[in-house]
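Structure record follows, encoded as structure tokens.
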Amino acid sequence: MLYRLLSIVQRQRTGPGWQTWSSGRSITSAAEAQSIALPAQAQVVICGGGIMGTSVAYHLSKMGWQDIILLEQGRLAAGSTRFCAGILSTARHSSIEQKMADYSNKLYHQLEQETGIQTGYLRTGSICLAQTQDRLISLKRINSRLNIVGIPSEIISPKKVAELHPLLNVHDLVGAMHVPEDAVVSSADVALALASAASQNGVQIYDRTSVLHVLIKKGQVTGVETDKGQIECQYFVNCAGQWAYELGLSTEEPVSIPLHACEHFYLLTRPWDTPLQSNTPTIVDADGRIYIRNWQGGILSGGFEKNPKPIFTEGKNQLEIQNLREDWDHFEPLLSSLLRRMPVLETLEILKLVNCPETFTPDMKCIMGESPVVQGYFVLAGMNSAGLSLGGGAGKFLAEWMVYGYPSENVWELDLQRFGALQSSRTFLRHRVMEVMPLMYDLKVPRWDFQTGRQLRTSPLYDRLDAQGARWMEKHGFERPKFFVPPNNDLLALEQSKTFYKPDWFDIVESEVKCCKEAVCVIDMSSFTKFEITSTGDQALESLQYVFSNDLDVPVGHIVHTGMLNEYGGYENDCSIARLNKRSFFMISPTDQQVHCWAWLNKYMPKDSNLLLEDVTWKYTALNLIGPRAVDVLSELSYAPMTPDHFPTLFCKEMSVGYANGIRVMSMTHTGEPGFMLYIPIEYALHVYNEVMSVGQKYGIRNAGYYALRSLRIEKFFAFWGQDLNTLTTPLECGGESRVKLEKGIDFIGRDALLQQKQNGVYKRLAMFILDDHDTDLDLWPWWGEPIYRNGKYAGKTTSSAYSYTLERHVCLGFVHNFSEDSGEEQVVTADFINRGEYEIDIAGHRFQAKAKLYPVTSFFTHKRRKDDVELSDFHGK
């Protein structure tokens, strides 16, 4: 028997198609579960019979894998899937989530025809309301992105809102966004339909069967232990929803899956005397923190309150998700908001207040991918109340990951490996989700930061910098300075500065950038991931030559910028590697690469006792001395000549700085400006910093932050991994040809793909865009993800942007594609194609003219250097 949403209000029904399907060979009934033995082995075991688990099973079977077992501890679709509000929305801030939701919408639309199981799919459309101009700007940005991917949407007036939904009070609205192809659907029936189709393709499904733990041998999945016996398998997929965290920790080698549940409330009403039309649009009133949809002629309405209630912090306590206690006092603010938006509801009888758990993650994005510590252990969980919208696409991408080795889209922002064990503290998760749940409907302006779980990882200089006015942001749990507030500024105003326009910190960052160019600045960049690779013989060099694309067989002391590519030639990482001696290398990577890069190196480097990989991130504080006077400061502190003749570019040397020995000094700054990186053993960090600041006073030294770094690197056309570069970006597409050893006859991961691409040409190319007719003071700023138009046709999106204080204009980086006007297929992109185009950048629906360049614009204006003579990218600053 399947309990749908109706079971919440004590109505039961048998889902169409359920008896026919459940009598098939591939699923056990509750009575049969005790007597039927599980198969002894399978290729894949999936844990979880909700939307996620059934979607993964469906897509794996569609891709040709059939030896699959799905296990559900209770009944299929009886977890949080059963309580889902059934709203399918494609209006999302994240591009990858947008694509997942669009795919889900198309999949669910045809699922009933494919399986014969009614899913309740109904295309109602949705209306996102805006009570403020900032909210409307946010919706306009989303609308621009929906339009370029073919999802119909438009910005509409309050009057049009009232026409589409006559029961709404629209007097306080400034506008809205209408997405006509959004839908509502029964989530439980979608899960059953996916399971039915998977079963028809050979997937075996067993309910009332609990996974106790996953069996692991030598870092590889070998099977699962259930309450009904063992199953040998090569792959395990954790789709356990609320319990994915605990299941991950139950293995011999714990798999960290940072998520936590909160109570989520929505009410159901009886039908109107004249029932609402079934195609009445769904309403999202984010400023009011509520959503509203038609439900059997009445309404279903819930929201995301400011004071959420975490649940299950102590652990698992029930097999199936039950309706939790009503709490009308807690729901009252949302009810008041609902009555303001729909005053006619005062006469409508409320049937029930539903209280069900929803799972949230530390960064509001779902978790998918392979464990960094156990090969063959995959995860899909933590859907942040968007499981129905994302489930179809998420299941597809994870199935592609398992079958082909990589998903068809860049999913780094969802990758399990973006997190480390540090995000898995129960206390951290409980506190963070109390912030995350309200943020679901909070206005998201650029450069906002989480406030909970802070000061978790800090540099030894944190207190000293904080006392000097540092304002902080967090990356991978590490505190990093954004900028430094001068003593006389209004600190409170700067902390609360949230805008899509020119920010209040503009002048502060300008002064830091000016100091970097004219004197000397210090930026604490200790958050960088730092590895050492050593060996007793040539094992380190031989291994790294295969894993990295550039030639690392360089003289001792030299630094090499190189990519760590996948077999398709895409960047898994981009880093700098210094050769310390013939058998030792020092590797610097982006902050958020700590887990992923470690897992990648362990996967591809040979298991050799004479080869050692060590994470030394915590051992070194990193100071970036930027500016023309950096050489004077360091010369005075070291009593050593630091001029280019004695210390050439991209060179590394251990030196004394002040009283401290063993400082690794590198002639690079990640910005294109002159200067040095100092990697300082942490016990010397405070001494070296004090000495640098003391000696630097005569040279005009000051502290600077990452916002200044961002401005400097973008105006020099330096692309960063995680922002501009990803697993689907190759060196040939972003001007990195000089960092690939294609002509040296040395094999490396991705070489064959790059050789093929070199022969065929590239289908996208990174370019720099300088906005021409943009007023910095009055116009909306570009931040990232803005559509790029070439000759009036969509050609790509920006990946990052910043104001260039040197050029006094905004600069964006982004990829240009060449879409055929006839078929829409991608064609080869040449330098001539880019240079011949007229470009516009779309910022929230307004297009600004821009010039496209394939080399640093500063070089273009000064005529000092050409493309081949400059360092086009220094990717690892994120």
- Enumerate the pairs (first residue in the range 335-353 and farther than 11 Å from residue 169 by Cβ; second residue anywhere and open to solvent by 50 Å² or more (accessible area, probe 1.4 Å) and in a loop (DSSP other than H, G, I, E, B)) with beta-carbon separation below 7 Å, excluding pairs fewer than 6 apart on the same chain, so at least 6 apart or on different chains. 348/270; 349/270; 351/270; 353/326
- Query: Considering the range 573-608 alone, what residues qualify as being under 22 Å from residue 220 (Cβ atoms) and either open to solvent by less than 10 Å² (accessible area, probe 1.4 Å) or of a type in the set (Lys, Arg) (or both)?
  - Reply: 597, 601, 603, 607
- Given (1) open to solvent by 50 Å² or more (accessible area, probe 1.4 Å); (2) in contact with a strand residue (DSSP E or B) (Cβ under 7 Å, 6 or more places away or on another chain); (3) on the phi > 0 side of the Ramachandran plot, residue 150 misses just (2)
- With (1) closer than 23 Å to residue 307 by Cα; (2) surrounded by 15 or more Cβ atoms within 10 Å (Cβ to Cβ); (3) modelled with pLDDT under 95 as the list, and residue 322 as the residue in question, which single condition is left unmet? (2)
- Task: Taking residue 129 as the residue in question, decide whether it is closer than 30 Å to residue 213 by Cα, part of a strand (DSSP E or B) and open to solvent by less than 10 Å² (accessible area, probe 1.4 Å).
- Result: no
- Would you mention how many residues in the range 84-99 are in a loop (DSSP other than H, G, I, E, B) and open to solvent by 40 Å² or more (accessible area, probe 1.4 Å)? 2
- Item | Qualifying residues in the range 162-192 (those that are closer than 17 Å to residue 89 by Cα and assigned to a loop (DSSP other than H, G, I, E, B)) - the one most open to solvent (accessible area, probe 1.4 Å) | 181
- Restricting attention to the range 437-459, which residues are surrounded by 17 or more Cβ atoms within 10 Å (Cβ to Cβ) and either touching a Ser or Thr at 6+ places or on another chain (Cβ under 7 Å) or part of a strand (DSSP E or B) (or both)? 440, 457, 459
- Task: Say whether the condition of being without any contact (Cβ under 8 Å) to a residue 60 or more places away in the chain, buried (at least 20 other Cβ atoms within 10 Å of the Cβ) and touching a Leu at 6+ places or on another chain (Cβ under 8 Å) is met by at least one residue in the range 670-692.
- Result: yes
- Query: Of all residues in the range 788-827, which are surrounded by 12 or more Cβ atoms within 10 Å (Cβ to Cβ) and part of a loop (DSSP other than H, G, I, E, B)?
  - Reply: 805, 806, 807
- Message: Going by what's in this entry, would residue 313 be described as in contact (Cβ under 8 Å) with a residue 40 or more places away in the chain, open to solvent by 10 Å² or more (accessible area, probe 1.4 Å), within 26 Å of the chain's Cα centre (by Cα) and under 16 Å from residue 262 (Cα atoms)?
- Response: yes
- Message: Regarding the range 457-473, can at least one residue be identified that is closer than 20 Å to residue 594 by Cβ and out of contact with any strand residue (DSSP E or B) (no Cβ under 8 Å at 6 or more places or on another chain)?
- Response: no
- Of the residues in the range 195-248 that are of a type in the set (D, E, K, R) and open to solvent by 20 Å² or more (accessible area, probe 1.4 Å), the one that is nearest to residue 599 (Cα to Cα) is 218
- From the list 700, 675, 658, which one is among the small types (Gly, Ala, Ser) and touching a strand residue (DSSP E or B) at 6+ places or on another chain (Cβ under 8 Å)? 675
- Message: Name the single residue that is surrounded by the fewest Cβ atoms within 10 Å (Cβ to Cβ) among those in the range 765-787 being over 19 Å from residue 140 (Cα atoms) and of a type in the set (A, V, I, L, M, F, W, C).
- Response: 770
- Task: Could you please find all residues in the range 107-124 being open to solvent by 20 Å² or more (accessible area, probe 1.4 Å), in contact (Cβ under 8 Å) with a residue 60 or more places away in the chain and part of a helix (DSSP H, G or I)?
- Result: 109, 112, 114, 115
- Quick check: anything in the range 727-741 open to solvent by less than 10 Å² (accessible area, probe 1.4 Å), closer than 30 Å to residue 663 by Cα and part of a helix (DSSP H, G or I)? no
- Query: Of the residues in the range 412-425, how many are closer than 14 Å to residue 99 by Cα and open to solvent by less than 10 Å² (accessible area, probe 1.4 Å)?
  - Reply: 1
- Considering each residue of the range 69-79, count those that are crowded, with 24+ Cβ neighbours inside 10 Å and out of contact with any Phe, Trp or Tyr (no Cβ under 9 Å at 6 or more places or on another chain), and give that number. 1
- Among the residues of the range 341-373, how many are crowded, with 22+ Cβ neighbours inside 10 Å, β-branched (Val, Ile, Thr) and touching an Asp or Glu at 6+ places or on another chain (Cβ under 9 Å)? 1
- Do the conditions hold for residue 565, that is, is it in contact (Cβ under 8 Å) with a residue 24 or more places away in the chain and over 29 Å from the mean Cα position of the chain (by Cα)? no
- Meets criteria (on the phi > 0 side of the Ramachandran plot and open to solvent by less than 20 Å² (accessible area, probe 1.4 Å)) for residue 297: yes
- Residues satisfying the stated conditions in the range 320-372, i.e. in contact with a helix residue (DSSP H, G or I) (Cβ under 9 Å, 6 or more places away or on another chain), among the hydrophobic types (A, V, I, L, M, F, W, C), in a helix (DSSP H, G or I) and under 19 Å from residue 385 (Cβ atoms): 334, 335, 338
- Quick one: in the range 408-436, which of the residues that are among the polar types (S, T, N, Q) and part of a helix (DSSP H, G or I) is modelled with the highest pLDDT? 417
- Message: Let me confirm something: among 576, 589, which residue is under 18 Å from the mean Cα position of the chain (by Cα) and at pLDDT 95 or above?
- Response: 589
- Of (1) modelled with pLDDT of 95 or more; (2) part of a loop (DSSP other than H, G, I, E, B); (3) small (Gly, Ala, Ser), residue 497 satisfies all except one. Which? (1)
- Item | Positions within the range 515-537 being open to solvent by 10 Å² or more (accessible area, probe 1.4 Å) and more than 29 Å from the chain's Cα centre (by Cα), in sequence order | 515, 517, 518, 519, 534, 535, 536, 537
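The values are calculated or read from the model by the stated rules, or taken from the named source; none is laboratory data. Remember, it's a predicted structure, so these values are computed and weren't measured experimentally. Here the Cβ is made from the backbone with ideal geometry for all residues, glycine too, and neighbour counts use every protein chain on show. The protein model used for the area step is the full one, side chains on, heavy atoms only, and it has no ligands, DNA or RNA in it. Shrake-Rupley method; radii C 1.70, N 1.55, O 1.52, S 1.80 Å.
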